[in-house]
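Chemist: Here you go, one structure.
What follows draws every value from the coordinates through simple rules; no lab data is involved. As the structure is a prediction and not an experimental result, all values here were calculated from the model. Cβ placement follows ideal geometry from the backbone for every residue including glycine, while neighbour counts extend to all protein chains displayed.
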Amino acid sequence: MTGSSPKTPIAGNPDPVLEIRDLSVALPAWADRPLAVKSVSLTVGRGETLCVVGESGSGKSVMARSILRLLPEPHLRIAGGQILLDGEDLARADDRRMRQIRGGEISMVFQEPMVSLNPLMTVGRQIDEILEVHTDWSKAERRRRVIATFEDVRLPEPELIVGAYPHELSGGQRQRVMIAMSLVLEPKLIIADEPTTALDVTTEAQVLTLLKELQIKHGTALLFITHNFGVVAEIADRVAVMRYGELVEYGSAKDVLENPQHPYTRALIDAVPSLVPRKHPEPSLTAEPILTVRALEKTYGRASAGPNWLARMMPRLARGRRSAVKAVNRVDLDIRRGSAVALVGESGSGKSTLARCLIGLEQADSGSALIAGDEIVGRSRGDWRPLRSRVQMVFQDPFASLNPRTKVGDIIARGAILQGVNPEAAMDQARRLLDLVGLDAKAAERYPHEFSGGQRQRIGIARALAVKPDILIADEPVSALDVSVQKQVLDLLDDLRRQFGLTMLFITHDLRVAAHVCEDIVVLKNGTIVERGLTADIFANPQHEYTRTLLASVPGRDWQRRGLPDQLAPPGE
């Protein structure tokens with residue numbers, strides 16, 4: 001145990017804002033364990049950042065929601081302990097008092113802002129609502145406060161963004177709106193529940209820096225929930241590690257990161273992808289190209305050159321500024337049989353659009369793309385069927401891409417059946433594939449909602465392998481997974497690639513993740529390839545400023561670089 005017993009708050013908090021004492025949260029009778037949170041004690045001091053780390057199911061989010069009394073009672077309920085905010089026990093506060101505390105004294109930044117924000121209200125009005133409930137300010141005063149808060153979180157043109165709807169903003173901008181919402185009343189405590197998990201590494205770095213700066217400016221206590229020790233290394237003062245509802249390690253960030261005591265903590269740290277690219281076999285220069293792309297282009301409609309909200313708020317200025325958006329701009333790409341190539345870039349760089357063009361889910365406007373000599377550009381949906389067995393895709397969100405009403409075995413077998421395989425043989429193969437990806441063959445009789453996120457991703461991989469493809473396109477397959485599950489899926493893809501002789505195009509925004517399975521990297525920005533080469537070469541000496549920015553944005557890079565020889569450590573910012 002780092003610091004002291006997990007039930008005893010460690011020293012170093014002379015001015016605690018939040019004290020949790022022996023908190024337990026009960027699960028319903030049918031759950032796999034009696035308590036979601038078991039006798040957890042911790043403190044958060046004024047101006048301090050406490051990171052609570054653990055995998056899905058560790059109880060960290062349940063513990064955080066308990067503080068605001070947002071549990072779905074009676075299924076989950078506080079079974080014991082105290083939650084003290086400046087000495088007041090929130091576990092025993094009435095509903096009226098909790099309404100005053102939520103937003104006023106404690107605020108929360110959720111993982112997915114698009115789900116948390118009301119799509120029918122402008123973002124300015126949603127923050128104005130908080131001020132309207134908690135203050136007696138005039139409408140003009142509230143508007144000035146909203147704009148000032150938007151300026152604090154560095155949203156562009158805040159006077160215009162107050163009139164924007166959530167769907168008109170980027171993911172990073174929506175998360176900044178959520179942070180503004182949490183700061184508008186200058187609360188004593190901010191709870192941030194995985195606020196950067198789904199963001200690009202560059203946007204993630206900006207949000208983490210912003211949170212730290214705003215915390216210093218306002219003296220707010222920050223309880224930050226994450227599964228990523230790279231994030232912990234960037235912002236934490238202290239760390240609490242949870243597993244199966246219990247606190248297994250608790251101490252200063254320096255102690256936990258540099259000298260972890262619990263095996264589970266060490267396992268989480270070891271699961272963080274290395275900044276040193278793995279050694280891969282030298283690519284065969286004699287291998288035939290399985291995929292050849294030349295001057296491929298994809299343009300989306302005629303959209304406003306500025307944001308949609310600008311066109312709506314200032315129609316006279318926006319008029320006449322309409323232009324096409326080139327998602328893929330004259331891309332040339334060669335992938336040799338048996339190789340693994342990472343396609344890297346931020347959201348909006350065009351990497352997913354390129355992948356969808358290569359699998360026939362989008363129709364390219366011009367150019368050429370050959371799969372083993374067969375042209376795919378210009379093919380109709382019906383003409384694509386013979387090629388479905390040549391190229392398959394593993395999607396970012398396995399739950400969205402798996403039919404919730406179909407059993408897993410039928411989902412996996414369907415592709416082979418459509419290719420003419422006997423249904424009974426296809427189902428036998430589905431069971432073998434489930435075993436191959438580390439799931440029980442009996443899982444074939446269950447439905448997607450009965451599995452965890454990592455297990456659903458394994459099912460997606462099994463489905464892609466069922467038709468024995470030559471090329472596997474993996475579109476951000478691990479971006480939403482716990483870091484330990486992420487490592488398992490990456491290792492699985494690497495093993496399957498070698499076992500089946502697969503050619504793989506791996507799409508990601510994280511160069512560190514790409515280095516785990518790919519020997520070549522292609523960097524895409526605004527639909528254009530800006531850099532390409534061997535993974536080891538690009539990590540050692542990136543040539544383009546954009547590539548250097550992606551590398552410098554990896555959370556925890558300085559912590560991971562400690563002890564590495566200079567020739568292996570990626571360049572700094």
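Chemist: What is the calculated FRET efficiency for Glu186 to Asp435, with r their C-beta to C-beta distance and R₀ = 60 Å, to the nearest 0.05? Provide the component values of the computation, followed by the final result.
Modeler: On the way: r = 55 Å, r/R0 = 0.92.
The computed FRET efficiency comes out at 0.65.
Chemist: Where does each of 414-421, 324-331, 28-35, 341-348 land if you order them by average Cβ count within 10 Å, highest first? Intermediate values should be presented prior to the final figure.
Modeler: Numbers: 414-421: 16.6, 324-331: 18.6, 28-35: 11.0, 341-348: 23.6.
Packing order, densest peptide first, comes out as 341-348, 324-331, 414-421, 28-35.
Chemist: Within 11 Å, Cβ to Cβ, of Arg294, how many net charges do the neighbouring residues add up to if Lys/Arg are +1 and Asp/Glu are -1?
Modeler: -3
Chemist: Can you list residues from other chains, or at least 5 along the same chain, whose modelled amide H is less than 5 Å from the amide H of Asp520?
Modeler: Amide H neighbours of Asp520: Ala340, Ala342, Thr535.
Chemist: Excluding residues on the same chain fewer than 8 positions from Lys38, give the lysines whose Cα lies under 24 Å from its Cα.
Modeler: Within the straight-line cut-off, Lys38 pairs with Lys7, Lys60.
Chemist: Give me the angle, in degrees from 0 to 90, between the Cα long axis of helix 171-183 and the longest principal axis of the Cα atoms of the chain, rounded to the nearest 10.
Modeler: Once rounded, one gets 0 degrees.
Chemist: Excluding residues on the same chain fewer than 8 positions from Lys326, give the lysines whose Cα lies under 30 Å from its Cα.
Modeler: Lys298, Lys351, Lys525
Chemist: Provide the packing ranking of 463-470, 240-247, i.e. peptides ordered by the mean count of other C-beta atoms within 10 Å per residue, highest first.
Modeler: Numbers: 463-470: 21.2, 240-247: 24.0.
Ranked from most to least packed, the peptides come out as 240-247, 463-470.
Chemist: Straight-line reach only, C-alpha to C-alpha below 19 angstrom: list the lysines that Lys254 could link to, leaving out same-chain residues fewer than 8 apart.
Modeler: In chain and number order, the partners are Lys212.
Chemist: Could the peptides 225-235, 209-219, 424-434 be put in order, highest first, of the mean number of other beta-carbon atoms found within 10 Å of their residues?
Modeler: Values: 225-235: 24.3, 209-219: 15.3, 424-434: 19.0.
Peptide ranking by packing, descending: 225-235, 424-434, 209-219.
Chemist: Per residue of the chain, what 222 nm ellipticity follows from adding -39500 (n - 2.57) for every DSSP H run with n ≥ 4, rounded to the nearest 500? The partial results should precede the final answer.
Modeler: Details: 24 runs with 211 residues, N = 573.
So the helix-based figure for the chain works out to -10500 deg cm²/dmol.
Chemist: Same structure, new question: Which percent, to the nearest 5, of DSSP beta bridges fully inside the chain are antiparallel?
Modeler: Values: 46 of 84 bridges.
Around 55 percent antiparallel, to the nearest 5.
Chemist: Pulled fully out, how much extra length does the chain show between Leu84 and Met98, if you take 0.36 nm times their separation in residues and subtract their Cα-Cα distance? Could the numbers behind the result be given before it?
Modeler: Details: separation 14, 0.36 × 14 = 5.04 nm, distance 1.28 nm.
Roughly 3.8 nm would be gained on extension.
Chemist: Only one of the values (1) 37; (2) 31; (3) 47 was calculated from this structure for percent of Cα pairs over 40 Å apart; name its label.
Modeler: (2)
Chemist: Fewest first, what order do Glu73, Glu141 take by the number of other Cβ atoms within 10 Å?
Modeler: The most exposed by this proxy come first: Glu73, Glu141.
Chemist: With charges set only on the Cβ (+1 for Lys and Arg, -1 for Asp and Glu), what does the dipole of the chain come to about its Cα centre, in debye to the nearest 20? List each step's numbers first, then the result.
Modeler: Details: 72 positive and 72 negative charges, 264 e Å.
Computed about the Cα centre, the dipole is about 1260 debye.
Chemist: With a cut-off of 8 Å between alpha carbons and a minimum separation of six or more residues, what is the relative contact order of the chain in percent? The partial results should precede the final answer.
Modeler: Values: 1141 pairs, mean separation 87.0, N = 573.
Contact order relative to length: 15 percent.
Chemist: Just name one of Gly251, Leu511, Ser401: the one whose Cα is farthest towards the positive end of the charge dipole of the chain (beta-carbon charges, Lys/Arg +1, Asp/Glu -1).
Modeler: Ser401
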